[in-house]
Amino acid sequence: MPRPYVPLHLHTEYSLLDGATMIKDLVKKAKAENMPAVAITDHGVMYGAVELTKTCKEMGGVKPIIGCEGYIIDGNIKDKTKRTALYHLTMIAKNREGYKNLVRLNTRAHLEGYYYKPRINKQMLEENREGLIVLSGCLGSEICQHILKDEFDEAKRVASWYKEVLGDDYYLEIQDHGQVEDRKANRYLIQLARELNIKLVATNDSHFTNKHDAQAHDCLLCIQMGKSVTESNRMKFTGWEYIKNGDEMAYLFRDHLDTEYIEESLRSTLEIADKVETVKLAADPRLPVFPMPPGHTAESFLNHLVIEGAKARYGQELSDEVTNRARTELKVIEDMNFASYFLIVSDFIQYARDKGIPVGPGRGSAAGSLVAYCLGITNIDPIRYNLLFERFLNPERKSMPDIDTDFCIERREEVIKYVAEKYGQDHVAQIITFNRMTSKAVIKDVARVLDFPFAESNKLAKMIPVVRGKPTPLKEMIAEHPDFKKVYSTNEEARQVIDVAKQLEGCNKTFGMHAAGVVIGDVPLEEICPLQRNNDGTVIAQFYMEDVAHVGLVKMDFLGLRNLTMIDKAIKIIKETKGVEIDPDKIPLDDEKVYTTVSNGDLTGIFQLETSTGMRQVARDMKPSNLEDLSALIALYRPGPLDSGMIDKFIDCKHGRMKITYKTPLLEPILKDTYGQIVYQEQIMMIAQKLGGYSLGQADLLRRAMGKKKPEEMEKQREIFLSGCAKNAISPELANELFDTMVQFAEYCFNKSHSQAYSLLTYQTAWLKTHYPVEYMTALLSSVADDQEKVRGYIAECQSIGIDILAPDINVSGADFTADGQSIRFGLSAIKNVGEAAVEEIVAKRKDKGPYKTIKEFLETIDLRVVNKRTLEALIKCGACQSLNVSRKQALENLDSLVESGQRRQTELATGQMNLFNFAADSGVAKVDETLRGDPGEFQEHELQRFEHELLGFYITSHPLKRVFNRLKLLTTHTLVELNDIPDGSNVIVGGLAAGIEKKLTKMNKLLCIVKLEDLLGTREVVIYGEQLEKIPADVLLPQNLLLVKAKTKKNDEGLSLMCNSVRLIADASLVSISFSSEQTFADLHRLKDILNVHKGEDPVILNFPKGKKNHSILVGSQFWVTADQRLADDISTNFKDNVAVKIARVRV
């Protein structure tokens, strides 16, 4: 066993891309190496403090010491006009007071002193010194920097100041990483220690755990710097910065220091550890103080609001059911001391509603609370939809309620600002997140710094499957995936990459901000938790979500939901264009037309349902007829229920194709709404309650246990369930069968409170699309204006339901998409080279002076300093000036003279100089000839298409594919959007416009061509390698050509691309129509199949069979497509004589 020693200068993975030690490994090593305590001192942050204390408690035997390596300056931390000398300083919390001071220093370093690094100064340290132990620091410290510059008097002056301020809690740090600078510094530090009576302490500037981790750590540094390990001009460590035990530390320094100093410095580590009191960070939830009206406690005021809210929801005379449930819930809330929580949430939601900020109907299990419904926190009736309060707040398991709220994505920040102003800016922060290096990403990172070929690393990364959003760990890949294991076993370079990646896998790489989490404290947060700024300046807690809760801070989720914004915009557009006011919460929920829309699979733009082709088919099969069905559709369309066949059984039972049966009549009231199927977690809880005798609180614990599937707990629960069932006259056999069924379904069951609440948003979006399609699609397009792929898909949807998409118009369009009668116009902001200021100028002058009548008037009215010539050219080219009765061609030809005339006119008006002609024109005496010169004709269609695509990103007036679109359905197996829903490696035939063509050389010096293929619904990249390129005629791969591509799909981290097998012009394709004059036998059809196989190719075949007075047509599968030529026609005619006609038609482009 090594001698006892405590590491006091140590960097974990929370020194992002600089430290590689994980805290679990650190504590494990400390236990094994006789280290009674360990400190973490990450660079300028305290990210790992909670994790350290939790891990030490879990593993036992090691005292956690919370510290930080700070950055200190001599000067004003708020002065950011110049870079002041910055020094390292090791600070450790001796006790609770020290922890609070360390948090305060760290927070202010970030919020006030950040300039390249988070900085404090000596005045701040002096003011917050209580409870701190300070070590002088590494070679980057102020004292060592003076020593290395031979400024010994300055070094002594600095050490004296620290000694005076901190007394016996100040130590001089000696380190030995084998560098000359260490030796020079150490000798003088000993001299200072003797002269000033300051104790020495031996530390190792540890950045990784074990000696053999040095290479992995070096790779981590290279990832941080964007360098290769082979580059010489970069930061390198010595390789000795691992966590050393006491014996290894005692071995250091011997070549330049006397033993007595080494021994003293090692004893000091134990002395410091003894000084440190374990700081208990775990705390009960601390809610902010909610201001109460006079005469009220939190409980009485909550009770008052709930009763008033219940009357508003259910009427003045409340039923016993409502009253009893409200009392039950309020009792639980009061017993758990959560009344303030509900008041706080209710308050900021009410603020949002009062300010017209759209709020969602509910999210997660909170929708099961009647109290939440009566307070207006949720908007779905838990009694009407059989939602359970105990699924949200279990009286038998105390835990903080978790109410997540959806807000309009554009106005969410207003609600957070309100909360900050109400409770104090220093009481509110958002929450940090850490982005870890997953197996896929770390393979690529390590390969890059080790100069491993990119193509090879890409292959390795692509072998790693992603399961439920998480890439498979490398250890599992090596053990269980044969192809990966083979590469690891046979390729030495690949093995080196994988081994290093395995060491770094799971390390934190960068920080970010939680999408929704906000903490609100009862005291300034810097008294509890260190703060910093996110990259956008937002104040965030340095502890991630679980650690924030651990220290007692209450997290509330403020989510931004685009669909709420979209609904709000649609309602405003309807009011503006139709004069109809709509409250989405008051629309009838039994509108048959709405359910028909969903049942037809018309799901584009409908919340939660527009996910895939598969969802459209399930909706068509299910044919939802009420809100409960919509809820079930949301709950069931997930991998588990789909794979298990649950959804098929649900549909068959709903439509009477399968008989609904119940194992006991007691199940019918519970499962009736879901046609005898267990769909929801709440149903499992109700079965446990009604049949097994559980309370709903116990039933929630059972539900959780079933999810975890711990054998001992499951057997215990089975006995309780069987005992309860026996009291309801249910046989042990049936009870066992029911319990097994519950366990089986528990894996797939969904939270009904969530799906029922979200089904309301689903219905609202479907209602708007059904009754106000133009206005709804206008809002939908505006909400995704920055996403070209989504805009393209929604434009196609508009066209499919008869809504024309029109070019922008300076007399109609606003900034966003605009409803124009039964059509939708592009917004002016969508035009390239047209800025926000120009749009505001055009719209403002139009509102002030009325529509623009001529192009001359337009240019004389607007401020040409804001709407410049480049902007005007863009407006004209994309068709935004069409309402001025001038062709684009003529407007462009006259633009220079029109701009000159407009500028002259504006100057004259500004200076009051009016010539005779101006006066005459304005007085109506006589008008100057406004005839434009040049040809009034228009550009050719292909030129107009080019202008629109260049400036809007879309074809508006016409699309090059429009003429062949109907034929394209026959010539292809999929649209480009449909490729998302098919398995990787599928063979497909797709068609579209070559929107872009790029040829380049690979690293192997081989030619590669990437075609950006575009159809009416989407775009995809087609990759063509050199061998295929050589076979393709030069006139095929040209921009704007209409192409048919035969390819194999390939999915990767960047998305889906197409690996080309062949490509040809759509104009070279043919359709083969085979018409039979009489019915054919099976043998005849088999003979035809053989003929088609002989003539295999890429031209589709349509079979036309007589069926009564009409022909029945079938497009054969692509595996039977042919090369359309005379030989095929002759072969069929020879075999089938007179009763068949073959027609081969070229596609007309």
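Just so you know, all these numbers are worked out from the coordinates, no wet-lab data involved. Small disclaimer: the values here were computed from a predicted structure and weren't measured. Using ideal geometry, Cβ is built from the backbone for each residue, glycine included, and neighbour counts are taken over all protein chains shown.
Tabulated results
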quantity	calculated
Proximal charge balance of Ala109 [Cβ under 9 Å; K/R count +1, D/E count -1]	+2
Among 475-486, 26-37, the order from most to least packed when residues are scored by Cβ within 10 Å on average	26-37, 475-486
For the stretch 166-173, Karplus couplings with θ = phi - 60° (6.51, -1.76, 1.60), whole Hz, Gly/Pro x	10, x, 6, 9, 10, 10, 8, 8
Folded to 0 to 90 degrees: helix 1082-1094 orientation relative to the chain principal axis, Cα	70
Whole-number percent relative contact order across the chain, with pairs defined as alpha carbons under 8 Å at least 6 apart	7
Helical contribution to [θ] at 222 nm, DSSP H n ≥ 4, -39,500 (n - 2.57), averaged over the chain, rounded to 500	-13500 deg cm²/dmol
Three-way shape label, the stretch 134-293, alpha-carbon gyration tensor, a/c 1.5	oblate
Least to most buried among Cys878, Cys725 (fewest other Cβ within 10 Å first)	Cys725, Cys878
Distant-in-sequence amide H partners of Arg533 (H built 1.01 Å from N, under 5 Å)	Ile540
Ranked packing of 350-363, 629-642, most packed first, by mean Cβ within 10 Å	629-642, 350-363
Acute angle (nearest 10 degrees) that the helix 773-783 long axis makes with the longest principal axis of the chain, alpha-carbon atoms	40
Residues with amide H under 5 Å from that of Gly560, placed H, sequence gap 5 or more	Phe407
Burial order of peptide ranges 1039-1047, 130-138 (average beta-carbon count within 10 Å, highest first)	130-138, 1039-1047
Relative frequency of Cα-Cα separations exceeding 20 Å in the stretch 365-467, percent	67
Gyration tensor verdict on the stretch 962-1067 (Cα atoms; rounded if a/c is under 1.5, prolate if a/b is larger than b/c, oblate otherwise)	oblate
Table column - 3J(HN,Hα) (Hz), the stretch 946-955, Karplus curve with 6.51, -1.76, 1.60, x for Gly and Pro	5, 4, 5, 5, 5, 9, 10, x, 9, 9
Packing-based exposure ordering (other Cβ within 10 Å, fewest first) of Phe858, Phe965, Phe253	Phe965, Phe253, Phe858
Size of charge dipole - the stretch 432-563 - debye, nearest 20, with Cβ of Lys, Arg +1 and Asp, Glu -1, no other charges	580
Cα-based convex hull volume of the stretch 432-563 per residue, rounded to whole Å³	158
Under Karplus coefficients 6.51, -1.76 and 1.60, residue-wise ³J(HN,Hα) of the stretch 311-320 in Hz, glycine/proline x	5, 5, 7, 10, x, 5, 8, 7, 6, 4
Degrees, to the nearest 10: 627-636 long Cα axis against longest axis of the chain	60
Cα gyration tensor shape for the stretch 583-765, rounded if a/c is under 1.5, else prolate or oblate	prolate
Residue order, fewest to most beta carbons within 10 Å, for Met46, Met1	Met1, Met46
Spatial separation of Cα centroids for the stretch 608-628 and the stretch 967-1041, in angstrom	32
Calculated percent of Cα pairs over 54 Å apart (choose from (i) 38; (ii) 59; (iii) 30), label	(i)
